[in-house]
1. In the chain, what percent of the accessible surface is made up of carbon and sulfur (1.4 Å probe, ligands and nucleic acids excluded)?
2. Just to verify a number: FRET efficiency for GLU332 and LEU215, C-beta to C-beta distance, R0 = 41 Å, to 0.05?
3. Sum up the charges of everything whose Cβ sits under 11 Å from the Cβ of GLY261, counting Lys and Arg as +1 and Asp and Glu as -1, but leave GLY261 out.
4. Tell me, what does the Kirkwood hydrodynamic radius of the stretch 157-216 come to in angstroms if you use every pair of distinct C-alpha atoms?
5. Can you pull the Kirkwood radius for the stretch 112-226, inverse mean 1/r over Cα pairs, to one decimal in Å?
6. Taking 51 Å as R0, compute the FRET efficiency from the Cβ-Cβ separation of ASN107 and GLN371 and round it to 0.05.
7. Using a Förster distance of 45 angstrom, determine the FRET efficiency expected from the C-beta separation of ASN293 and ASN160, and round it to 0.05.
8. For the chain, what does -39500 (n - 2.57) per DSSP helix run (n ≥ 4), summed and divided by total residues, give at 222 nm, in deg cm²/dmol to the nearest 500?
Amino acid sequence: MVKAESLQHVGKGAGQEDDEACFDPSALPPFKIADIRAAIPKHCWEKNTLRSLSYVLRDVLIVSALLAAAIGFNTWFFWPLYWPAQGTMFWALFVLGHDCGHGSFSNSSKLNSLVGHILHSSILVPYNGWRISHRTHHQNHGHVEKDESWVPLTERVYKNLDNMTRMLRFTLPFPIFAYPFYLWSRSPGKEGSHFNPYSNLFSPGERKDVLTSTLCWGIMLSLLLYLSLSMGPIFMLKLYGVPYLIFIMWLDFVTYLHHHGYKQKLPWYRGQEWSYLRGGLTTVDRDYGWINNIHHDIGTHVIHHLFPQIPHYHLVEATKAAKAVLGKYYREPQKSGPLPLHLIKYLLLSISQDHYVSDSGDIVYYQTDPQLHKDSCTKSN
């Protein structure tokens, strides 16, 4: 097992840092998942369809108002205000569709599918293709080979990457624009596409669902192309293209930091050392300041990973109730200012240090390739 090294961290007391440094996050937890479940109030498991729909209505109204304002103003001073606002709202729509995919939106599978397809297709995400692979991610979280989202590269896969792919994966800003490429061809070392019903991501019984989502995605893309021809490609780039890129940045930024960049490196598992509970406990909660409410508390991630059927509007309460059971296995998120600028340093540190894990061992930690950026500098000179 590779020894974990701590990332630098500022703002904690020395005593608390010593306690965290002495705690082994890979140690078998003294509780079971049933103990966590029992600590969560019963009403936190209840899905309120009207409440879920009210969030959809809120977000759609804001997106529509921003679109109307952008079309109405169409001036140089408005666009820089519009882009981050609308891109963040696209991200909020994704999170609501994410709830549909987990079945935490409502008790109706038909309503979940309908709303999920509308929301995700509008931001060019193939709903069922994503839903199925995301289910795989939750079922195998923290597993080196079987996880699906931001999985660590093994040393063998890492060293077999061509130089261009390696640099793109570990040089900002490229990783925070990775999501569309992931949808098309998954991560390095894995094969398949979220658009192809015959991809090895899916079982034969899921092919019809995947085809449906790919068709919906195609309809949205066709609509965007039509609008580009009728309204002008530059205008559509400003109206939709730039917000879409900002949405992608949010998605990659948030999902990466849910599983990376904690000040103490966290384990990844294989074989008999992996369990659903141990894998879920390697996820990390994050505070996003004002954005918490806008993106539906997606930063409250540990309890969500263990119990994805809990609606997003109960996650904060459920987490508070579970802390007594989780103890040191729960990592209190660093408090954010109005905007989560404090998280940028963790992203930078992780991208520069978390390159690959060992090819062997059932409990492994990220290792650093000290030559990665040295080699790129040498070649550029």
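1. C and S atoms contribute 63 percent here.
2. 0.40
3. Neighbour charge sum, excluding GLY261 itself: +3.
4. Answer for the stretch 157-216: a Kirkwood hydrodynamic radius of 12.9 Å.
5. Its Kirkwood hydrodynamic radius stands at 15.2 Å.
6. With R0 = 51 Å, the Cβ-Cβ based efficiency is 0.45.
7. With R0 = 45 Å, the Cβ-Cβ based efficiency is 0.55.
8. -16500 deg cm²/dmol
The values are calculated or read from the model by the stated rules, or taken from the named source; none is laboratory data. Everything numeric here is computed off the predicted structure, so don't read it as measured data. As a convention, Cβ positions derive from the backbone with ideal geometry for all residues, glycine included, and neighbour counts pool all protein chains shown. Each accessible area value is taken on the protein alone, full model and side chains, heavy atoms only, with ligands, DNA and RNA left out. Shrake-Rupley method; radii C 1.70, N 1.55, O 1.52, S 1.80 Å.
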